[in-house]
Amino acid sequence: MDSYLYFIMALLPLTSILLICQINPYRALVIRGIFGAIATLAYTVLGAADVAPTEALVGTLLVVMLYAIAVRSSLVLRLGVLEDEITTLETSPSNHFSQLMDYFRTIFKQYQMKVELVSYSNRENLAKALHEREIHAICLQSGSEALEEENSSPAYQTVTRLQRVYEIMTMQPVSSLTDVIYEELSTKKGLFS
């Protein structure tokens, strides 16, 4: 065997280890593409002319594209809020709600996630959207903000249906602006539930 072949074969387990140890999903996609290219090169050098193009097309291009779509769609936290909060956010960017949204964006940015605000007209529609799994969490004002400040209790309440989102929110230093609650939804969806 030639020395360059040893080098190519040594790159396969090395890229595999890098892929497994990667936390950032986008970097993992790039490393998966590199792994596929190295495997294609190895198949070509070893004379597997039928396997090399298949690995190049399926193992590298198709898999990376499908993973990119899946990663992109799964890294968005859909947070349901009332329409009044959105207008407050636009008109007064220094209020409690905008501070809370900045806090959420900072927390989830560490996990390469984005926070998407989804507005609803009333509390009933907001709760219904959470139970029908249209959104991942809801953020509601607890009551009068002036009263909340006097009692030093949070002005907002955040309810999530996802255990991992709850864990991320509670692992970080807890904001004094919100209480975080995990609400487990039933896994069985009946005809009228």
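The values are calculated or read from the model by the stated rules, or taken from the named source; none is laboratory data. All of these numbers come straight from a predicted model, not from anything done at the bench. No Cβ is skipped: glycine too gets one built from the backbone with ideal geometry, and neighbour counts run over all protein chains shown. Surface accessibility is based on the protein's heavy atoms, side chains included, excluding ligands, DNA and RNA. Shrake-Rupley method; radii C 1.70, N 1.55, O 1.52, S 1.80 Å.
Which residue, of E116, E124, is under 17 Å from L77 (Cβ atoms), modelled with pLDDT of 90 or more and exposed (fewer than 13 other Cβ atoms within 10 Å of the Cβ)?
Answer to the selection: E116.
Can you say whether N95 is of a type in the set (S, T, N, Q), open to solvent by less than 40 Å² (accessible area, probe 1.4 Å) and at negative phi, as far as the supplied structure shows? First the steps, then the outcome.
On the way: of a type in the set (S, T, N, Q): yes; open to solvent by less than 40 Å² (accessible area, probe 1.4 Å): yes; at negative phi: yes.
Yes.
Matching residues to (1) at negative phi; (2) crowded, with 17+ Cβ neighbours inside 10 Å; (3) touching a helix residue (DSSP H, G or I) at 6+ places or on another chain (Cβ under 9 Å):
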| position | (1), (2), (3) |
| --- | --- |
| T60 | yes, yes, yes |
| V71 | yes, no, yes |
| D84 | yes, no, no |
| T87 | yes, no, no |
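So is I38 open to solvent by 70 Å² or more (accessible area, probe 1.4 Å) and at pLDDT 85 or above or not?
no
Output the residue which, of all residues in segment 172-193 that are surrounded by 10 or more Cβ atoms within 10 Å (Cβ to Cβ) and over 19 Å from A129 (Cβ atoms), is modelled with the highest pLDDT.
Here the answer is D179.
Name the residues in segment 157-173 that are of a type in the set (S, T, Y) and either touching a Leu at 6+ places or on another chain (Cβ under 8 Å) or not in a helix (DSSP H, G or I) (or both), would you?
T158, T160
Would you mind finding the one in I38, I31, I86 that is in the same structural domain as T160 (by the TED database), in a helix (DSSP H, G or I) and aliphatic (A, V, I, L, M)?
Values: I38 fails: in the same structural domain as T160 (by the TED database); I31 fails: in the same structural domain as T160 (by the TED database).
On inspection, the qualifying residue turns out to be I86.
Which one is nearest to M169 (Cα to Cα), of the residues in segment 89-122 that are assigned to a strand (DSSP E or B) and either of a type outside the set (K, R) or free of Cβ contacts under 8 Å to residues at least 12 places away in the same chain (or both)?
Ranking the candidates gives V115 first.
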